[in-house]
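Here the structure is laid out as structure tokens; the discussion comes afterwards.
Any read-out appearing in this document is the output of simple, stated calculations on the displayed coordinates, not a laboratory observation. Keep in mind that what you see is a predicted model, and the values were worked out from it rather than measured. When we count neighbours, we look across all protein chains shown, and the Cβ atoms used for this are built from the backbone with ideal geometry, even at glycine.
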Amino acid sequence: MPLTPDQAAFLRDNAFPAVLTALRPDGSPHSTVVWMHEDNGDVVVNTALGRAKDRFLRNDGRASVVVVDPTNQYKWVGVSGAATLETEGAYEQIDQLSNKYLGKDYPWRSPDETRVTVRIKAEKVDAMGFDA
């Protein structure tokens with residue numbers, strides 16, 4: 001079930017924190033707060049090569065992201081689906097996210113760090129607070 005236009009705009013147009021959940025090798029969930037963006041119906045986040053999110057998603061590509069409006073806990077979107085990971089263009093993508101959330105390019109760039117773009121296909125969408 002794809003995102004509705006209102007749900008996509010909610011994700012795209014707001015700098016709300018998101019919670020990304022990936023699965024550890026033992027199957028237990030690992031959840032972290034991330035920046036996110038909507039792109040052509042997918043949810044896109046960023047991490048660094050070798051971090052827990054990166055390792056867990058490479059092991060088991062299932063992921064979910066939940067974004068809650070901080071001014072209205074009854075308005076939220078949850079997206080679950082397969083995650084793909086890509087290093088090409090990931091530095092540009094972290095700058096886009098940083099500009100969305102901080103208003104400037106990513107300030108914590110490290111020369112020994114490889115950034116990774118994580119794209120989550122919206123295979124299942126749950127939401128509340130949107131007109132049906």
If packing is taken as the average number of other Cβ atoms within 10 Å across a peptide's residues, how do 35-41, 124-130, 23-29 rank, most packed first? 35-41, 124-130, 23-29
Spatial separation of Cα centroids for segment 81-114 and segment 1-50, in angstrom: 14 Å
Which value in deg cm²/dmol, rounded to the nearest 500, describes the helix-derived mean residue ellipticity at 222 nm for the chain, given -39,500 (n - 2.57) per DSSP H run of n ≥ 4 and division by the residue count? -6500 deg cm²/dmol
If each K or R counts +1 and each D or E counts -1, the residues other than residue 81 whose Cβ falls under 15 Å of its Cβ total -2
Protection proxy ranking, peptides 56-68, 80-92, average beta carbon neighbours within 10 Å, highest first: 56-68, 80-92
